[in-house]
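Trainee: One structure follows; several queries about it will come next.
The values are calculated or read from the model by the stated rules, or taken from the named source; none is laboratory data. Not measured: the values here are computed from a predicted model. Methodologically, a virtual Cβ is constructed for each residue, glycine included, from the backbone with ideal geometry; neighbour enumeration extends over all protein chains shown. Areas reflect the complete protein model, heavy atoms only, side chains present, ligands, DNA and RNA absent. Shrake-Rupley method; radii C 1.70, N 1.55, O 1.52, S 1.80 Å.
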Amino acid sequence: MKKIVALALSVVMLLSLAILPALAEGATGVDVKGTGVELTVYTNSGSSGRADWLVERAAQDGYKLTIVEEGAGAVQQRLINEGAATPCDVVFGLNAIIWNDLISRGILQAYDAPSWAAEVSEGLNDPNGYYYAIVKQAILLAYDKNQVSEEDAPKDWPDLWENEKFWGKYESQIKLTGGTTRNVLAGILTRYMDPDGELGVSEEGWAAIEAFFAHGTPVEDGVDLYAQIVNPDSPVLMGQMWSSGAIQYDEQYGTSTGVAIPEVGIPYAVEGVAITSVSKNVEEAKRFVEWFGSAQIQGEWAEKFGTMPANEKAAEKADPVQVELCSIPAQNIDWAVVAANIDAWCEKIMLEYMQ
């Protein structure tokens, strides 16, 4: 009798093993489970408990992750320095400028679109399949509606230097290494592209940048924009901000953020997910990407950390103010061109135009 039971159990186990691959083969999104192969993940988006949460949540669905968390530029430089010796399988976070630099260096591999890629807002995924968008941050020209009416507010960045009423009332940067600042500069300079111009920018474009820095109030190092806005002794009433930061600072300072809505649209800092070209665990990496970018997981991520999912099906879990800010149309920017030129642009600006 024991032999019969054991035989029956063996048959059941064999049938189960035969069925599981078939189920996995047709699975998509959050239903794609990990196989236990360890993945090394690099990110700049692991702070404030994100890395720990992701390790634990992924483990529930069979993924074993080792996460290395640093700033965006540090992640970029680490991947460049490590080259073919990098242990990294998957990278997430960063922004379009860095993504395109990594692509140009052969550090990432193109791969077939995960099932959720079609649910991502138009224009955010890499058109050649090197990365797919998971989170978006609107890069804004923000002001406090308690102090500046919508009628009197700037409608676009050029208003700041072209209209004297804004001179001295907007914050200009003293460092050009930050992602938000570089996105703002990209949004301005790409309006003036000229193949015969210096560094691909027309004389009009460089004159605009010169005026931008000449008429702004330099940021006070270590003091955030909204602290300046609410300070009665500061002339600053507006400046650059990212969408989730606007929500955070309104809660902190009691401000009410208004934003310019340019006809050309606004830049977006696109956090994506990519697979390195030298990963030894490509199949597991693809499974993880399919799982991580799904509406279910990105919705959970948004609820936990206040992000704005690029996946439109996950957007219902986002803060309504975040949804509104990130509904502004995206500016048409050639990020590959930006990635190839941004360092040289910033060097020229620092040497020639910054006070």
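Trainee: Name the residues whose placed amide hydrogens come within less than 5 Å of the amide hydrogen of ASN125, ignoring near sequence neighbours (fewer than 5 apart) on the same chain.
Mentor: Here ALA133 satisfy the definition.
Trainee: What order do you get for 278-291, 322-335 when each peptide is scored by the mean count of other beta carbon atoms within 10 Å, highest first?
Mentor: Values: 278-291: 19.6, 322-335: 17.4.
The peptides rank, most packed first, as 278-291, 322-335.
Trainee: With Rg and Dmax of the Cα atoms in Å in mind, check (1) 23.4, 95; (2) 21.8, 67; (3) 21.0, 62 and report the label derived from this structure.
Mentor: (1)
Trainee: I've got another one for you. Of all the accessible heavy-atom surface of segment 231-340, with the other protein chains kept in place and a 1.4 Å probe, what percent is carbon and sulfur?
Mentor: Numbers: 2230 of 4660 Å².
Ligands and nucleic acids excluded, carbon and sulfur reach 48 percent.
Trainee: Let me ask something else. Cα extents of segment 33-139 along the three principal axes, largest first, in whole Å?
Mentor: Its Cα atoms span 34, 32, 28 Å along the three principal axes.
Trainee: Which ³J(HN,Hα) values, rounded to whole Hz and listed in residue order, are derived for segment 89-104 from phi using the Karplus coefficients 6.51, -1.76 and 1.60 in 6.51 cos²θ - 1.76 cosθ + 1.60 with θ = phi - 60°, glycine and proline given as x?
Mentor: 9, 10, 10, 9, x, 6, 7, 4, 4, 5, 4, 5, 5, 5, 4, 5
Trainee: To continue, here is another question. No solvent, one uniform scatterer per C-alpha: report log10 I(q)/I(0) for segment 234-286 via the Debye equation at q = 0.13, 0.14, 0.30 1/Å, two decimals.
Mentor: Evaluating at q = 0.13, 0.14, 0.30 Å⁻¹ gives log10 I(q)/I(0) of -0.58, -0.61, -1.25.
Trainee: Would you mind getting the accessible area per residue of segment 234-280, heavy atoms of the protein chains only, 1.4 Å probe, in Å²? Please report the intermediate quantities before stating the final value.
Mentor: Details: 1740 Å² over 47 residues.
Value for segment 234-280: 37 Å² per residue.
Trainee: Which of the aspartates and glutamates could a cross-linker bridge to LYS280, judged by Cα under 20 Å and excluding same-chain residues fewer than eight apart?
Mentor: GLU38, GLU82, ASP89, ASP112, GLU290
Trainee: Sticking with this structure for a sec: Classify segment 252-355 as rounded, prolate or oblate from the Cα gyration tensor: take a ≥ b ≥ c as the square roots of its eigenvalues, call it rounded if a/c is under 1.5, otherwise prolate when a/b beats b/c and oblate if not. List each step's numbers first, then the result.
Mentor: Working: a/c = 2.30, a/b = 1.17, b/c = 1.96.
The shape class here is oblate.
Trainee: For LYS317, which aspartates and glutamates qualify as cross-link partners when the Cα separation must be under 18 Å and same-chain residues fewer than eight apart are set aside?
Mentor: Excluding near neighbours in sequence, the set is GLU119, GLU271, GLU300, GLU303.
Trainee: Let me ask something else about it. For LYS175, give me every one of the aspartates and glutamates with a C-alpha distance below 20 angstrom, ignoring sequence neighbours fewer than eight places off in its own chain.
Mentor: Within the straight-line cut-off, LYS175 pairs with GLU70, GLU210, GLU220, ASP221, ASP224, ASP343, GLU347, GLU352.
Trainee: Within the accessible area of segment 64-155, what % is carbon and sulfur when the probe is 1.4 Å and the other protein chains stay in place?
Mentor: 43
Trainee: Ignoring ligands, DNA and RNA, what accessible area per residue does segment 95-192 give at 1.4 Å, in Å²? Walk me through the numbers on the way to the answer.
Mentor: Details: 4000 Å² over 98 residues.
Ligands and nucleic acids excluded, the figure is 41 Å² per residue.
Trainee: Normalized C-alpha radius of gyration of segment 167-297, against 2.2 N^0.38 Å? Each step should come with its number before you reach the end.
Mentor: Numbers: Rg = 19.4 Å, N = 131, 2.2 N^0.38 = 14.0 Å.
In units of the 2.2 N^0.38 Å rule of thumb, it is 1.38.
Trainee: Can I ask one more? Students often get this wrong, so check it: of LYS64/LYS136; LYS165/LYS313; LYS155/LYS286, which have C-alpha atoms separated by over 32 Å? Write down the numbers at each step before the final one.
Mentor: Details: LYS64/LYS136 26 Å; LYS165/LYS313 42 Å; LYS155/LYS286 42 Å.
Exceeds cut-off: LYS165/LYS313; LYS155/LYS286.
Trainee: Here's something else I'd like to know. List every residue whose amide H lies under 5 Å from the amide H of ILE266, counting only residues 5 or more places away in sequence or on a different chain, with H placed 1.01 Å from N in the peptide plane.
Mentor: Result for ILE266 returns ALA330, GLN331.
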